[in-house]
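Worksheet for the structure shown next.
The values are calculated or read from the model by the stated rules, or taken from the named source; none is laboratory data. The structure presented is a predicted model; accordingly, all values stated were derived computationally and were not measured. Note that we place each Cβ from the backbone using ideal geometry, even for glycine, and neighbour counts take in every protein chain shown. All accessible areas refer to the heavy atoms of the entire protein, side chains included, with ligands and DNA or RNA removed. Shrake-Rupley method; radii C 1.70, N 1.55, O 1.52, S 1.80 Å.
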Amino acid sequence: NLKHLNLISLWDIRTNEAGESWVVMEYVPGPSLRDLIEAHPEGIPPQQVEAWFCATASGVSYLHDQGIVHRDLKPANIFFDEDQQVIKIGDYGLSKFISCSRRSGQTETVGTFHYMAPEIGKGVYGKEIDIYALGILLFEMLTGEVPFNGESTQEIVMKHLTADPDLGSLPAHFRPALGRAMKKDPKHRFSNVTEMLE
């Protein structure tokens, strides 16, 4: 029943005779943030970065206010609705269910490896994992690259656990916020999305 400008509307949950369930949701005609990043391999123009990030942060902040952690923020889950001219987040509150499917690529239990906060492996986490993922998203929008990459899932996860992101390729005024958003210890990150946005 959540309603927000920057969230894709969920209309119904159905179950068939075999006990299989599915969600009926709003169709969003337009590209994903993944499409936009792929079209700008050196980074998205600053005005577009601001629009995409502010809209995404607004939707995530609303989820947090409702006690919901998205758990799978990534470019493939954020869309531009060409009809309404608005940016919308999908898969919120469903990520644990969706991540068990074969559709989601490098996903296990909660989240997608390139965007997963270090504490997820311990199974104890809160909204701080979304703030971490927002930091990774902003880094990727600005540079065209994720801060931690590797040849294997294990290598990527190890970098999230032990490596500091190289912020040298970012415009200087973004470095303090991104450094804080991607702290290994969730207590050292922003306390909420609004604080990060400011």
Using the Karplus curve 6.51 cos²θ - 1.76 cosθ + 1.60 with θ = phi - 60°, work out ³J(HN,Hα) for each residue of region 114-123 in order, rounded to whole Hz, and write x for Gly and Pro.
5, 10, 8, 5, x, 6, 4, x, 7, x
Helix 128-143 against the longest principal axis of the chain: what's the angle in degrees, Cα atoms only, rounded to the nearest 10?
70 degrees
Calc'd 3J(HN,Hα), region 3-8, phi into Karplus 6.51 cos²θ - 1.76 cosθ + 1.60 (θ = phi - 60°), Hz, glycine/Pro = x, comes to 10, 7, 3, 9, 10, 5
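Could you work out [θ]222 nm for the chain from helices alone, using -39500 (n - 2.57) per DSSP H run of at least four and dividing by all its residues? Round to the nearest 500 deg cm²/dmol. Could you put the intermediate results ahead of the total?
Working: 7 runs with 69 residues, N = 198.
Computed mean residue ellipticity for the chain: -10000 deg cm²/dmol.
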So if I restrict to the alpha-carbon atoms in region 127-198, what is the Rg, and what is Dmax, the biggest pairwise distance, in Å?
11.8, 35
With R₀ set to 35 angstrom, the calculated FRET efficiency between the beta-carbons of residue 20 and residue 169, to the nearest 0.05, is 0.20
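Can you tell me the length gained on complete extension of the stretch residue 47 to residue 65, counting 0.36 nm per residue apart and subtracting the Cα distance? Before the final figure, lay out each step's value.
Values: separation 18, 0.36 × 18 = 6.48 nm, distance 2.70 nm.
Length gained, residue 47 through residue 65: 3.8 nm.
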Just one of [x] -0.71; [y] -0.87; [z] -0.79 is log10 I(q)/I(0) by the Debye sum over Cα atoms at q = 0.14 Å⁻¹ as worked out from the coordinates here. Which one is it?
[z]
How large is the accessible surface per residue of the chain, computed with a 1.4 Å probe and reported in Å² as a whole number?
53 Å²
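Please report, as a whole percent, how much of the solvent-accessible surface of the chain comes from carbon and sulfur atoms (probe radius 1.4 Å). Show your work: numbers first, answer last.
Numbers: 5470 of 10540 Å².
Of the solvent-accessible surface of the chain, carbon and sulfur hold 52 percent.
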Can you work out ³J(HN,Hα) from phi for every residue in region 158-173, in order, using Karplus 6.51 cos²θ - 1.76 cosθ + 1.60 and θ = phi - 60°, giving whole Hz and x for Gly and Pro?
4, 5, 4, 7, 10, 8, 8, x, 7, 8, x, 7, 8, x, 4, 6
Just to confirm the number: angle between the C-alpha axis of helix 46-65 and the first principal axis of the chain, 0 to 90 degrees, nearest 10?
60 degrees
